[in-house]
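A.B. asks: Once you've had a glance at the structure underneath, I'll fire off some questions.
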Number of protein chains: 2
Amino acid sequence: MSTALLTDHYELTMLRAALKSGAAGRRATFEVFARSLPAGRRYGVVAGTGRLLEALADFRFGPDELSLLTSTGVVDAETADWLAGYRFSGEIHGFAEGEPYLPGTPVLVVEGPFAECVLLETLTLSVLNHDSAIAAAGARMVQAAGDRPLIEMGSRRTHEEAAVAAARAAYLVGFDATSNLEAARRWDVPTSGTAAHAFTLIHATERDAFAAQVATLGVGTTLLVDTYDTREGIAAAVAVAGPGLGAIRIDSGDLIAEVRAARAQLDALGATGTRVIVTGDLDEHGIARLAGVPAAGYGVGTSLVTGSGAPTAGFVYKLVEVDGRPVAKTSVGKATRGGRKEVLRRHDADGVAVVDLVVPAGYRPGGGGGRRAAGGLADAVDGLAAAALDGPLPSVLAPGRLGAPGYDRPLLVPLVRAGTPVDPASTGATGLRRAREHHRAAIADLPAHARSVTFGQPCLPVISAVPI
Amino acid sequence: MSTALLTDHYELTMLRAALKSGAAGRRATFEVFARSLPAGRRYGVVAGTGRLLEALADFRFGPDELSLLTSTGVVDAETADWLAGYRFSGEIHGFAEGEPYLPGTPVLVVEGPFAECVLLETLTLSVLNHDSAIAAAGARMVQAAGDRPLIEMGSRRTHEEAAVAAARAAYLVGFDATSNLEAARRWDVPTSGTAAHAFTLIHATERDAFAAQVATLGVGTTLLVDTYDTREGIAAAVAVAGPGLGAIRIDSGDLIAEVRAARAQLDALGATGTRVIVTGDLDEHGIARLAGVPAAGYGVGTSLVTGSGAPTAGFVYKLVEVDGRPVAKTSVGKATRGGRKEVLRRHDADGVAVVDLVVPAGYRPGGGGGRRAAGGLADAVDGLAAAALDGPLPSVLAPGRLGAPGYDRPLLVPLVRAGTPVDPASTGATGLRRAREHHRAAIADLPAHARSVTFGQPCLPVISAVPI
């Protein structure tokens with residue numbers, strides 16, 4: 001299916017007018033950034049990049065799309081002709097998928113002819129805003145869960161296609177599995193699941209239901225024990241499956257007390273290896289509260305797929321440069337900073353990230369190569385950037401570490417050149433596995449307080465050495 | 001595309017075990033209901049029904065789906081054979097799409113063999129939970145806007161496919177148009193849009209940009225005037241387009257003050273017919289605050305597509321009856337009420353809805369036909385229901401009114417019989433237009449306080465004459 005109509009009407013009217021005015025061919029740079037993080041969050045997580053590259057390949061205007069656009073009068077014949085040949089020919093740089101980000105730093109940069117780039121605004125933001133919101137919430141749940149496994153099971157609480165993307169985003173940030181089967185087909189995300197309360201209710205007794213499940217799925221299965229009375233449910237579960245039962249699941253009640261009581265009951269029944277899995281409206285705070293009781297794993301639904309209070313990441317897509325000249329709007333409260341930028345994550349002497357530096361693209365401290373900051377602020381900016389950038393660059397990074405003492409890691413990496421993904425392995429199941437690995441390493445490089453799930457401030461300062 | 005894998009893993013393992021235990025063929029009734037409304041909401045809105053019927057037609061397990069399920073070991077060969085022939089053969093009743101609902105009342109009832117019904121849980125809830133959340137938020141915005149038109153423009157803030165469904169849900173509850181082009185293709189939703197700040201920035205001057213837009217879209221277009229200085233922007237807009245300019249759009253600043261100033265400036269320039277359109281992080285409360293200033297229309301994005309603080313409707317899908325016998329779980333805090341139910345919306349002497357009655361299916365007061373409430377509570381339930389239901393039924397309803405004095409309107413209507421939609425016109429663009437009309441009429445029948453956007457209580461009491 002073409003993704004071209006997953007787009008706002010005004011992108012097409014802007015195209016139409018720009019083709020007429022001659023602006024269509026001007027070299028444009030758009031940057032994607034978030035003005036702020038949701039209240040209390042210590043970092044965001046860039047997610048959806050792989051999905052965006054997949055969607056970009058299908059961004060084509062075929063007969064169906066053109067028919068809709070011309071019959072409704074959105075575009076004229078000349079614009080339709082132009083669209084029929086549309087293929088993005090520009091460049092995209094971006095944060096690696098899974099990278100933590102701070103507000104005010106560009107996380108994606110789209111460059112090319114204005115007409116080609118402006119059409120990608122809606123789709124780009126839809127994908128990144130959704131997936132990054134889920135990933136940011138999920139990353140906190142993973143930190144709260146520590147070594148205990150997490151299963152994503154929120155498909156029923158969000159749009160059926162958003163559910164597939166949410167399962168992907170959860171896996172990206174460290175969830176172990178999802179309930180969503182389509183995510184397995186598209187990206188090889190591991191799935192899991194056993195039974196709901198309906199399975200118990202459809203049988204004459206709870207014991208009959210457990211026997212049916214064990215007969216089919218084996219004693220290693222997870223039995224849901226709280227349909228009627230949890231104490232009796234656990235007794236029936238062990239009576240049916242024996243002490244080798246894999247796990248029980250508890251979905252209701254005071255979860256802290258329920259887990260303690262279940263563990264004691266299982267141990268008393270000799271089922272010392274039977275794990276206690278907990279579900280039921282958990283979020284990162286609920287998971288953190290369960291750290292002190294012997295829960296063996298968690299299932300998370302609603303709070304994950306709704307971003308735990310922040311269902312969209314708030315990314316915007318802003319024009320910052322035209323034919324090499326910085327441009328910026330000055331709207332009250334929504335001003336932007338002109339000019340193409342780069343982002344460097346600086347590490348301290350212990351190799352811990354300490355600051356994100358936003359510098360003009362190509363800028364080098366001390367004027368050694370690259371271009372200089374423009375305008376009357378140039379000297380001040382130069383001094384700020386030079387001081388911030390001053391420090392030795394290590395020649396070799398420790399294995400598995402993204403940072404090293406004094407290292408300034410460039411966060412914007414090439415994603416698309418001449419309209420084609422730089423690395424074919426950045427999409428599909430391979431891209432997702434890589435992003436998962438990158439996320440794990442990048443989170444480990446942040447200061448320790450970043451990994452707390454309590455309310456806090458952004459975990460790194462952002463120093464912007466760019467003229468306003 | 002098949003919708004069959006937009007499903008939780010455990011639906012398939014339950015199926016597999018139920019085929020083995022013999023439970024698969026038992027006659028099951030599942031009810032969909034919400035335990036509560038989001039805090040402060042006075043009603044919910046059922047939405048997504050048409051989309052669900054469309055998705056149901058594509059719920060088939062073809063070679064691709066079966067290959068995923070067998071290769072990952074989710075199902076065995078016997079279950080795969082059963083799935084290959086899957087076609088829902090049961091019945092679905094539900095609230096008409098667009099109907100306001102209160103918590104605790106079943107809004108959808110799925111009946112048929114257990115194996116066929118259990119597979120539909122995830123997809124059903126995904127569609128209804130998403131679309132109803134958007135519709136409930138949108139309905140409040142429509143009430144706040146009064147006669148002023150609303151444009152949905154939140155595509156960029158939500159998953160790219162959720163965006164299409166959100167545009168549909170917004171139109172359903174009375175929005176006038178959407179920015180989303182795919183919603184036009186699928187359901188004939190009207191679209192609109194003109195230009196973003198990038199269009200101004202790509203031109204050498206704001207005046208050049210306005211001239212380019214007017215040259216292409218005519219003087220009836222909407223010019224975005226706040227890229228630099230709004231006062232200068234308005235002056236340039238009228239200078240370029242003349243006093244016949246269709247509209248200006250303001251997206252930043254103190255919107256109340258901006259609208260007043262813009263109106264005065266336009267009038268002073270002779271552009272007395274030029275409308276002032278307002279966008280910029282509006283929600284129902286922001287719209288309500290603008291009622292006293294001469295705004296001519298609103299664009300709403302983020303708050304609409306994220307459900308204005310409540311991104312999911314919280315519907316659950318619970319087994320309530322097996323082979324004619326009520327079943328219910330008794331989990332702490334999550335108990336359900338067994339037995340298939342009906343819902344009647346009672347109207348007072350003025351034809352205003354006053355209560356939703358939940359009664360056992362087929363129940364008639366005084367025992368006149370239908371079945372009686374079962375169990376030891378039968379007498380009390382009979383008395384309560386009979387009292388609630390007592391009253392004359394009008395023979396003719398006023399045109400355009402859903403209720404009439406003393407009328408008890410049955411809210412659950414037949415949607416699917418023997419697996420096929422009862423009314424083919426309940427899907428597609430026709431279904432959406434009908435749902436829009438039904439919503440308008442049904443909202444008008446609620447008590448006046450229901451239409452306030454201030455925080456409140458559910459607007460109707462629910463009397464449940466069903467044994468616990």
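The values are calculated or read from the model by the stated rules, or taken from the named source; none is laboratory data. Model, not experiment: these values are computed from the prediction. When we count neighbours, we look across all protein chains shown, and the Cβ atoms used for this are built from the backbone with ideal geometry, even at glycine.
A.B. asks: Test A:S308 against the criterion of being farther than 27 Å from A:R231 by Cβ, polar (S, T, N, Q) and either in contact (Cβ under 8 Å) with a residue 40 or more places away in the chain or in contact with a helix residue (DSSP H, G or I) (Cβ under 6 Å, 6 or more places away or on another chain) (or both), and give yes or no.
C.D. replies: For A:S308, the condition - farther than 27 Å from A:R231 by Cβ, polar (S, T, N, Q) and either in contact (Cβ under 8 Å) with a residue 40 or more places away in the chain or in contact with a helix residue (DSSP H, G or I) (Cβ under 6 Å, 6 or more places away or on another chain) (or both) - is met.
A.B. asks: Of all residues in segment A:17-46, count the ones that are within 10 Å of chain B (Cβ to nearest Cβ) and surrounded by 23 or more Cβ atoms within 10 Å (Cβ to Cβ).
C.D. replies: 5
A.B. asks: Continuing with the same structure: Please give the strands (runs of 3 or more DSSP E) falling wholly within segment A:1-117 in which 2 or more residues are touching a helix residue (DSSP H, G or I) at 6+ places or on another chain (Cβ under 7 Å).
C.D. replies: So the answer is A:27-34, A:108-113.
A.B. asks: Also, quick follow-up: Filtering segment A:305-328 down to residues that are part of a loop (DSSP other than H, G, I, E, B) and farther than 16 Å from A:P106 by Cα, which residue is farthest from the other protein chains (Cβ to nearest Cβ)?
C.D. replies: The qualifying residue farthest from the other protein chains (Cβ to nearest Cβ) is A:G324.
A.B. asks: Go through B:E116, B:E121, B:E97 for me and flag whichever is out of contact with any Cys (no Cβ under 9 Å at 6 or more places or on another chain), of a type in the set (D, E, K, R), crowded, with 16+ Cβ neighbours inside 10 Å and over 30 Å from A:L217 (Cβ atoms).
C.D. replies: Going through B:E116, B:E121, B:E97 in turn, the sole match is B:E97.
A.B. asks: Inspect segment A:80-103 for any residue being farther than 27 Å from A:D445 by Cβ, of a type in the set (S, T, Y) and within 13 Å of chain B (Cβ to nearest Cβ) and give the result as yes or no.
C.D. replies: No: segment A:80-103 contains no residue that is farther than 27 Å from A:D445 by Cβ, of a type in the set (S, T, Y) and within 13 Å of chain B (Cβ to nearest Cβ).
A.B. asks: Taking segment A:190-246, which residues are among the acidic types (D, E) and surrounded by fewer than 24 Cβ atoms within 10 Å (Cβ to Cβ)?
C.D. replies: A:E206, A:D208, A:D229, A:E232
A.B. asks: In segment B:403-468, which strands (runs of 3 or more DSSP E) lie fully inside it and hold 2 or more residues that are modelled with pLDDT under 95?
C.D. replies: Counting at least 2 such residues, we get B:408-410, B:462-464.
A.B. asks: Looking at B:A257, B:A236, which is the one that is within 11 Å of chain A (Cβ to nearest Cβ), free of Cβ contacts under 8 Å to residues at least 60 places away in the same chain and assigned to a helix (DSSP H, G or I)?
C.D. replies: Answer to the check: B:A257.
A.B. asks: Please determine whether any residue of segment B:334-341 is touching a residue at least 24 places away in the same chain (Cβ under 8 Å), at the interface with another protein chain (Cβ under 8 Å from one of its Cβ atoms) and part of a strand (DSSP E or B).
C.D. replies: The answer is no; no qualifying residue exists.
A.B. asks: Kindly list the number of the only condition in (1) within 24 Å of A:A115 (Cβ to Cβ); (2) touching a Phe, Trp or Tyr at 6+ places or on another chain (Cβ under 7 Å) that fails for A:P326.
C.D. replies: Failing condition for A:P326: (2).
A.B. asks: Take the residues in segment A:285-301 that are part of a loop (DSSP other than H, G, I, E, B) and surrounded by fewer than 21 Cβ atoms within 10 Å (Cβ to Cβ), then tell me which one is nearest to the chain's Cα centre (by Cα).
C.D. replies: By that ranking, first place goes to A:A296.
A.B. asks: Let me ask you something else. Mind counting the residues in segment B:416-468 that are touching a Cys at 6+ places or on another chain (Cβ under 8 Å) and surrounded by fewer than 16 Cβ atoms within 10 Å (Cβ to Cβ)?
C.D. replies: Qualifying residue count for the region: 2.
A.B. asks: Additional query: Within segment B:181-200, which residues are facing chain A (nearest Cβ under 7 Å) and closer than 27 Å to B:A442 by Cβ?
C.D. replies: B:A184, B:T191, B:S192
A.B. asks: Would you mind telling me which numbered condition in (1) outside the structural domain of B:A55 (by TED's automatic domain parsing); (2) more than 29 Å from A:A335 (Cβ to Cβ); (3) part of a helix (DSSP H, G or I) B:G174 fails?
C.D. replies: Status for B:G174: all satisfied but (3).
A.B. asks: Follow-up question, since we're still on this one. How about segment B:108-135: which of its residues are within 20 Å of A:L201 (Cβ to Cβ), in contact with a strand residue (DSSP E or B) (Cβ under 7 Å, 6 or more places away or on another chain) and among the hydrophobic types (A, V, I, L, M, F, W, C)?
C.D. replies: Across segment B:108-135, the qualifying residues are B:L108, B:V109, B:V110, B:F114, B:C117, B:L120, B:L125.
A.B. asks: Which of the residues belonging to segment A:118-159 are outside any helix (DSSP H, G or I) and either hydroxyl-bearing (S, T, Y) or on the phi < 0 side of the Ramachandran plot (or both)?
C.D. replies: Within segment A:118-159, A:L119, A:L120, A:D147, A:R148, A:P149, A:L150, A:I151, A:E152, A:M153, A:G154, A:T158, A:H159 qualify.
A.B. asks: What single numbered condition from (1) farther than 25 Å from A:G138 by Cα; (2) more than 9 Å from chain B (Cβ to nearest Cβ) fails to hold for A:T3?
C.D. replies: (2)
A.B. asks: State which residue is surrounded by the fewest Cβ atoms within 10 Å (Cβ to Cβ) when the search covers only segment A:124-176 and only residues that are at the interface with chain B (Cβ under 9 Å from one of its Cβ atoms) and free of Cβ contacts under 8 Å to residues at least 12 places away in the same chain.
C.D. replies: This residue is A:E161.
A.B. asks: Name every residue in segment B:263-290 that is more than 16 Å from B:P149 (Cα to Cα) and within 13 Å of another protein chain (Cβ to nearest Cβ), in order of residue number.
C.D. replies: B:D281
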